[in-house]
Amino acid sequence: MKRIYLDHSATTPIDPEVAELMKTFSLECYGNPSSVHYFGRLSRKAIEEARKQIAVLIGADQKEIIFTSGGTEADNLAIQGAAKAKARKGRHLITSSIEHHAVLDTFKYLAKNGYELTILPVDAEGLVSADDVAGAVRKDTILISIMHANNEVGSVQPISEIGKIAHDNGSLFHVDAVQSLGKLPIDVEKMNIDLLSVSSHKIYGPKGVGALYVRTGVRLAPTAFGGSQERKMRPGTENTPGIIGFGKACELSGQRMNEENRRLIRLRDKLINGLQSSISDIKLNGPTGDKRLPNNVNVSIPFVPGETLLLNLDMVGIAASAGSACTSGSTDPSHVLLAMGIDPEIAHGSLRFSLGLQNTEEEIDYVLQELPRIVNQIRNC
Ligand SMILES: *Cc1c(COP(=O)(O)O)cnc(C)c1O
């Protein structure tokens, strides 16, 4: 059976060019980058090259990039590190109700340990309002964290505006850009960002590596202790092959971003329009047009459980997800859909298709043929 992968927001297949580079590198460059000898220097040079490739994609200086084990660790380091470093200045934190759990749960942990947390609502399309941020900041607000693009419904937040509010108030601004890296233009200067989390495996790089952009002059308290790697903010011997692969993945996604986005938007809108015209009562979750990630489709199909749909889709070779990958497997409806005011019953019947590099128009046609048939079958029995 032909298999169609439509779950790129959960993870992406590794780019063959990236895998090839990592293989060669793993076999030939095994020196510890902290060693002063030839082997160490080779690894160090490759890491610094990768640092530059990531910096270029987000408008940063290479000195401002800190490698981590992924998006989750970058989020934790940014939030815990900033909160601890700034605790004497204030203890108020602001985030939104639709953040990834790596952000939301880190804030909830801090809220139980001496910090005060404001969680901002979103509108029915999953958008945070900059006015709400302006209304929530206080003199003791040390950190504001709002994601660039949501992983479930694809909503793109007004980051530049929020960043300006943060800076006018003297607060640090953290952005989880794991879903937008390589898909939307990012410029940490223009967008007033101090801390930005990214992850390799969401952009056709290897799993288990990510990075945190830390603006020059911003100090983070370390969350782990050991060697002096990554400006002492993230000790431990570097995942050299992973870092090299991540750098290459950044370079490639930067090169193809504009053209690939035009293609994805066409496929995305074809899928959305096709589903809306062939399944009665179906509802699109999240915004339309520019306010939506180019590769995200999220729909609710009332009275049909999402899990049943997923299983039936998988049986005909289509891989999608219900809500987000991290929450599927549990039966709680998505916190993102609930925050958008969607009825829990309806939220249960939601499906996410996230498109990527290898998807074709024929594959979208196949989904448009199979999903309405499956829904009818379930609704009629
Ligand atoms: C995937 C994801 C993360 C976690 O990144 P990992 O590298 O898998 O730890 C964080 N935030 C968002 C928005 C994500 O989509």
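No lab work stands behind these numbers, since they all come straight from the coordinates. Predicted model only: the values in this text are computed from it and were never measured. Neighbour counts run over all protein chains shown; Cβ positions are idealised from the backbone, glycine included.
Taking the Kirkwood radius as the inverse of the mean 1/r across Cα pairs, report the Rg/Rh of segment 180-312. Please report the intermediate quantities before stating the final value.
On the way: Rg = 19.6 Å, Rh = 18.1 Å.
The Rg/Rh ratio comes out at 1.08.
Only Cα pairs under 8 Å and at least 6 apart count here; give the relative contact order of the chain as a rounded whole percent.
About 23 percent, as a whole number.
From the gyration tensor of the Cα coordinates in segment 245-351, what semi-axes in whole Å does the equivalent ellipsoid have, largest first, with each one equal to sqrt(5λ)?
Working: eigenvalues 140, 57, 43 Å².
The equivalent ellipsoid of segment 245-351 has semi-axes of 26, 17, 15 Å.
Would you mind estimating how fast segment 16-252 diffuses translationally, via Stokes-Einstein at 37 °C and 0.692 mPa s with the Kirkwood radius over Cα pairs, in µm²/s?
Using the Kirkwood radius from Cα pairs, D works out to 183 µm²/s.
Let me know the shape class of segment 209-254, please: from the alpha-carbon gyration tensor, a ≥ b ≥ c as square roots of the eigenvalues, rounded when a/c is under 1.5, otherwise prolate if a/b is greater than b/c, or oblate.
Because a/c hits 1.5 or more and a/b fails to exceed b/c, segment 209-254 counts as oblate.
Positive end of the charge dipole of the chain (Lys, Arg +1 and Asp, Glu -1 on Cβ, about the Cα centre): tell me which of Gly226, Thr216, Thr12 has its Cα farthest that way.
Gly226
Report the net charge of residues surrounding Ser321, where surrounding means a beta-carbon distance below 14 angstrom and charges are Lys +1, Arg +1, Asp -1, Glu -1. Don't skip to the end; give the middle numbers.
Values: positive: Lys202, Arg352; negative: Asp7, Glu152, Glu307, Asp314.
For residues surrounding Ser321, the net value is -2.
Kirkwood Rh over alpha-carbon pairs of segment 177-238, then Stokes-Einstein at 4 °C and 1.567 mPa s: what D in µm² s⁻¹, rounded to an integer?
Once the numbers are plugged in, D ends up at 99 µm²/s.
Among DSSP beta bridges lying fully in segment 16-252, give the percent that are antiparallel, nearest 5.
If we restrict to bridges inside segment 16-252, about 40 percent are antiparallel.
Hydropathy at least -1.0 by Kyte-Doolittle, axial extent at least 20 angstrom from the Cα trace: which helices of the chain, defined as entire DSSP H runs, fit?
Once both thresholds are applied, what remains is 38-58, 71-86, 240-278, 361-379.
Dipole of segment 16-252, Cα-centred, from +1 at each Lys and Arg C-beta and -1 at each Asp and Glu C-beta, to the nearest 20 debye?
Using Cβ point charges on Lys, Arg, Asp and Glu, segment 16-252 gives about 1000 debye.
What would the Debye equation give as log₁₀ I(q)/I(0) for segment 4-121 at q = 0.11, 0.13 Å⁻¹, counting only Cα atoms as equal point scatterers?
Reported log10 I(q)/I(0), two decimals: -0.60, -0.78.
For segment 20-87, taking Cα atoms only, what is the radius of gyration to one decimal and the Dmax to the nearest whole Å?
So, for segment 20-87, Rg and Dmax equal 14.9, 45 Å respectively.
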